[in-house]
Structure formats: C-alpha cells, structure tokens
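J.: I have a structure I would like to understand better, so I am pasting it below and will then ask my questions one at a time.
The values are calculated or read from the model by the stated rules, or taken from the named source; none is laboratory data. Fair warning: this is a prediction, and the values are worked out from it, not measured in the lab. For neighbour counting, all protein chains shown are included, and Cβ atoms are generated from backbone atoms with ideal geometry for every residue, glycine included. Note: accessible area is taken over every heavy atom of the protein model, side chains too, but ligands, DNA and RNA are not part of it. Shrake-Rupley method; radii C 1.70, N 1.55, O 1.52, S 1.80 Å.
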Amino acid sequence: MLRTYRDYSSCCNFTRFTVKISETDLFILADSDLTDLARDAAHHYRSQLEEYIRIHPEFKTSLVPLPNDPLAPAIVRDMIAASSASGVGPMASVAGAVAERIGRQLLSKSLNVVVENGGDIYLHVKDDISIGIFAGQSPLSDRIALRVPAVETPLGICTSSGTVGHSLSFGVADAVCIKSRSAALADAAATAAGNLIKSKSDVRKGLEKAMSIRGVLGVLIVTGDTLAVQGEMELTEA
C-alpha cells in the first residue's frame, strides 16, 4: 500500500524520518532525526518477537487469544493482553505494540514523538495535533481528521481496514479507527470491530463491539459513504 496518507500530518515543524525493516515500516515525527535510535529499537523488538515465535509458533498463527505467559518479553505480554481483551489473535496487535515500544524509547531523546507503523500510531506530543483518516476508495478518505489534544497523550490511534493494505481482516470496512491509551489494544480492538462489518448494516455492531472492550476510548468507522463515531473522538476537516 502506498503511504500517501503520510503527507497529511499537521506536524509541519517536526523532523520526519522513516525506518523500514522487513514488515516493519515506520514513519516518525520527532524533535530531531532519531533514525539510528529508532532502527536499533525496531531491531530489538523484532528480534524479541521472532525468537518468541520460533519457540511458540502458535503465537504467529492463532486467530484467538492465547494464555498469558509471565516469562515472555514485555512486548509479547502487551500483545497477549490486548488480544485477550479484544477476542482476537495476538498478531492483530503487533503493529501498534511495536509502534508504542519504539515510541517510548524515543521519548528519552525527544519531547514530541509520533510513530506510525502501517497506519497504527503511538503519539506523545506537547501541542494539539490532527491525524488524517485514510479510508481507501471511500469518498470520505482524506477529508476528515481526528483532533487529538496534547493533554490526552500518550495515546494509541490504530486503524484496521478490510479494503486497504495487507493486514488480515474478515470485514469490508474501509477504516475502523480506535483510540486507546494502549496502541497494542487499539490495534487489536480495530481488528475485532472490523471483523464484524460485512456490510453497511453492520456498522452498529462494530461500534458496540469496540466500545465494549475495556480500554477503548473511542471508535470511528468508515464504510463507503457511511461514517459512524462513538466515544471520545473529536473530528475536524483534513
């Protein structure tokens, strides 16, 4: 998927840089160029996940939650907790979990950090920010944005789509966007809600599923020309 939506950020004064390692494709905003630190962090967390999957291959393939493993690395425990809360497999939370873990490390060198990993975002900022909503071929794509007051951060804002990208989804929504204090949970919840939307008539089911997950602050769903929002989601023009 082309990352054209990365041009629609309100953070014009931040330094922008990218890090790509296999499936991990990061677009980062910070106070300075922290490419080396971000790359090292990405390698670190990818190595932890790859080693855990080598020993526990079901972690990669399961479509249902797995039991907690107190001996697992912290990022794996994040994913297990997020998947258990949302009722999906642990890999449904991987992009958000990686974004958050890398973002936390970058905060040691920058007061402002936004890490986007394939449409899933972790952010900690000192000024209000707007995040554009990319929804594929929907007429609403790139026309609306989510306004995030700085006082609400750190936050995870993650999006699942049944029509855009390569992530596994059993639904047809153009975008299911979730806001949560945890990026891993936001990612898993977006998948869980998106899986329920087989047509426009299922949008309410998606809203109800998302808001039933403990830790979800708000949800936005775009399906064709239909837009539905519930919870703490402040919209503005992109």
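J.: Where the Cα atoms of segment 18-70 are projected onto their three principal axes, how long is each span, largest first, in whole Å?
T.: 40, 22, 18
J.: At most 11 other C-beta atoms within 10 Å and a DSSP loop state: those are the exposed trypsin sites (Lys or Arg not before Pro) I care about. Give me the longest piece of the chain that has none.
T.: Between the exposed loop sites, the longest stretch runs 1-125.
J.: If contacts are Cα pairs under 8 angstrom and at least 6 residues apart, what is the relative contact order of the chain in percent?
T.: Relative contact order comes out at 17 percent.
J.: While we're looking at this one, here's another question. Give me the net charge for the shell around Lys109: Cβ to Cβ below 13 angstrom, other residues only, Lys and Arg +1, Asp and Glu -1.
T.: -3
J.: Tally Lys/Arg at +1 and Asp/Glu at -1 over every other residue whose Cβ is under 13 Å from the Cβ of Arg143; what's the total?
T.: So the surrounding residues net to -4.
J.: Further question: Tell me, what HN-Hα J-couplings in whole Hz come from the Karplus equation 6.51 cos²θ - 1.76 cosθ + 1.60 at θ = phi - 60° for each residue of segment 22-31, using x for Gly and Pro?
T.: Working through the residues one at a time gives 6, 6, 7, 10, 9, 10, 10, 10, 8, 6 Hz.
J.: In addition: Would you mind telling me the share, in percent, of accessible area of the chain contributed by carbon and sulfur at probe 1.4 angstrom?
T.: Here it works out to 52 percent.
J.: Normalized C-alpha radius of gyration of segment 105-238, against 2.2 N^0.38 Å?
T.: 0.98
J.: Amide H neighbours of Ile129 under 5 Å, counting only residues 5+ apart in sequence or on other chains, H built in-plane at 1.01 Å?
T.: Val148, Ala150
J.: Roughly how many Å is it from the Cα centre of segment 24-96 to that of segment 171-238, as a whole number?
T.: 22 Å
J.: Determine the per residue accessible area of the chain with all protein chains present and a 1.4 angstrom probe, expressed in square angstrom.
T.: Roughly 46 Å² per residue, with all protein chains present.
J.: When the Debye formula is applied to the Cα atoms of segment 80-155, each taken as the same point scatterer, what base-10 log of I(q)/I(0) results at q = 0.18 Å⁻¹?
T.: Treating every Cα as an identical point scatterer, log10 I(q)/I(0) equals -0.86.
J.: Looking at the chain as a GNM with Cα springs under 10 Å, which of Pro90, Pro65, Pro149 has the largest mean-square fluctuation?
T.: Residue with maximal mean-square fluctuation among Pro90, Pro65, Pro149: Pro149.
J.: Next up: Would you mind counting up the charge near Leu227? Only other residues with Cβ under 15 Å from its Cβ, with Lys and Arg at +1 and Asp and Glu at -1.
T.: Its environment carries a net charge of -3.
J.: Here's a follow-up. Report the per residue volume, in Å³, of the convex hull enclosing the C-alpha atoms of segment 41-175.
T.: 116 Å³
J.: Relative contact order of segment 61-190, please, whole-number percent, based on alpha carbon pairs below 8 angstrom and at least 6 residues apart.
T.: Computed value for segment 61-190: 24 percent relative contact order.
J.: Please compute the Cα-Cα pair-distance distribution of the chain with 5 Å bins starting at 0, giving whole percents from short to long.
T.: 1, 7, 15, 20, 21, 17, 11, 6, 1, 0
J.: Which of Asp33, Asp225, Asp202 moves most in a GNM of the chain, Cα contacts under 10 Å?
T.: Largest GNM mean-square fluctuation: Asp225.
J.: What's the extension gain from Asp31 to Phe17 if we count 0.36 nm per residue and subtract their Cα-Cα distance?
T.: 4.0 nm
J.: Tell me the relative contact order for segment 134-238 as a rounded percent, counting alpha carbon contacts under 8 Å between residues six or more apart.
T.: 30 percent
J.: Right, next: For Leu63 paired with Ser199, estimate the spin-label separation in nm (one decimal), with each label point 7 Å from Cα along the Cα-to-Cβ line.
T.: So the label points at Leu63 and Ser199 sit 2.1 nm apart.
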